[in-house]
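The values are calculated or read from the model by the stated rules, or taken from the named source; none is laboratory data. Please read all numbers here as calculations on a predicted model, not as lab measurements. Don't worry about glycine lacking a Cβ; one is built from the backbone with ideal geometry, like all the others, and counts go over all protein chains shown. Quick note on the areas: whole protein, heavy atoms, side chains included, nothing else; ligands and nucleic acids left out. Shrake-Rupley method; radii C 1.70, N 1.55, O 1.52, S 1.80 Å.
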Amino acid sequence: MISIVLYAEAGTRRRMMSISTHDRISGIPGRVKLIEEFIRYAQKQKGVAFMRKDEIAKWALSAANIPHEN
């Protein structure tokens, strides 16, 4: 599972996973359950944060060690 690999890599450098869904594709019960199971699993992992894209952008712009254009 890619989330396990990403989490392991995050031990040495920052990692991010973005999950987007479409209501007509992900709204079927089997997929909803799978996404719910993943979120519950990820919430139990130390150091995992759930953020909206605007929150990620604000965080990145305020972080001193992240290069960004002026």
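Only residues that are surrounded by fewer than 10 Cβ atoms within 10 Å (Cβ to Cβ) and closer than 29 Å to N65 by Cβ were counted across the stretch 15-42, and they come to 2.
Hey, does the stretch 6-15 have a residue that's in contact (Cβ under 8 Å) with a residue 24 or more places away in the chain and assigned to a helix (DSSP H, G or I)? There is at least one residue in the stretch 6-15 that is in contact (Cβ under 8 Å) with a residue 24 or more places away in the chain and assigned to a helix (DSSP H, G or I). For the stretch 49-64, filtering for residues that are touching a Ser or Thr at 6+ places or on another chain (Cβ under 9 Å) and of a type in the set (A, V, I, L, M, F, W, C) leaves 1. Restricting the first member to the stretch 17-40 and to residues that are over 25 Å from V5 (Cα atoms), and the second to residues that are of a type outside the set (D, E, K, R) and surrounded by 11 or more Cβ atoms within 10 Å (Cβ to Cβ), the beta-carbon pairs closer than 9 Å and six or more apart or on different chains are G27/T21. Somewhere in the stretch 28-43, is a residue among the hydroxyl-bearing types (S, T, Y) and more than 20 Å from A10 (Cα to Cα)? No, the stretch 28-43 contains no residue that is among the hydroxyl-bearing types (S, T, Y) and more than 20 Å from A10 (Cα to Cα). When the stretch 57-70 is limited to residues that are open to solvent by less than 90 Å² (accessible area, probe 1.4 Å) and at pLDDT below 85, the one that is farthest from the chain's Cα centre (by Cα) turns out to be H68.
Among the residues of this structure, K53 counts as one that is open to solvent by 100 Å² or more (accessible area, probe 1.4 Å) and under 12 Å from the mean Cα position of the chain (by Cα).
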